[in-house]
Structures are given as structure tokens and as C-alpha cells.
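See below for the structure under consideration.
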Amino acid sequence: MEYLRCKWNQVDFDKKENTDSIVDEFDICTCLSVMNWVMDKDNLIDLLSRQKVVLYEGHDNDQIETDRLRKAGFSGIERVAVSERGRSVFVAMNKETIERNTPITSKFENNAEKNQQNILTENTKKQP
């Protein structure tokens, strides 16, 4: 049985020395609803560019968010879910991860449709 390691960092993403101290030793990086609150977006994009796989939730439309992920060097970008606030959640993989054929996204399969359906169902229940 393979176990996953997890490490959380609480840092100021606007400070380059903080983001440079985060090394790419893990398989996946979560960046959920972070970009909107960072002033130095290029610095955060630089941090993301050093990751193998990113689970990413943005605040802007899908085109802007996928462009940001492409700017970070990701070519495998897939919308996998919709957050409780109606924002798209993406899995983005770098080229090397794609070439290794790592099956990361299979774990998220169909979640976007399920989450969207849950949001629609909840919204329908709230209406008089």
C-alpha cells in the first residue's frame, strides 16, 4: 500500500523569498481560491510553474484561468469540478507528468458534472 505525504505551508505569496523556499518535492500542489487574493500574481505563477500537478480554483472566467495555468507551463489542463461558490476547479499537469502518463485526473473523473448537478439541485430547493 502506498501512502501519500502531505505538507502545508502558510506563506505570504507576495514575497518571492517565501515562494522560493517552497520546493517541488511533492506530486500535487493545491491552490484553491488563492490567486484572487495575491497582489504579485506573477510570483504565484512562478511557484506553480515548479509543480508537477496543480489542483487550482480561480475566481475569473475559465479562459483567464486556463491562460494563467498555461503561462505557468502546464499543457494538460482539465476542468474537473465546480466549487460550492460556482467557480471552476482545474487539474493542471506539466509536460513531463503527461509524458509519464500519470493517471491523476482519473480520480476526479465526472466530479465537475456531479458538483454542478448538486449546485443546481440546491438552488432549486431554495426557490419558493
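Every number here is computed from the coordinates shown, using simple stated rules; none is lab data. Small disclaimer: the values here were computed from a predicted structure and weren't measured. Cβ sites come from the backbone with ideal geometry, for glycine too, and all protein chains shown count toward neighbours.
Results, tabulated for the structure shown:
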| quantity | calculated |
| --- | --- |
| Contour excess over end-to-end distance, with Cα ends at Lys95 and Ser49 and 0.36 nm allotted per residue | 15.5 nm |
| Estimated inter-spin distance, Cys6 and Ser83, nm [label 7 Å along Cα→Cβ] | 1.8 |
| Vicinal HN-Hα couplings computed from phi for segment 42-52 (Karplus, 6.51 cos²θ - 1.76 cosθ + 1.60; Hz; Gly/Pro x) | 4, 5, 5, 4, 4, 4, 4, 5, 8, 9, 7 |
| Segment Glu17-Leu32, extension gain: residue separation times 0.36 nm, minus the distance between their alpha carbons | 3.3 nm |
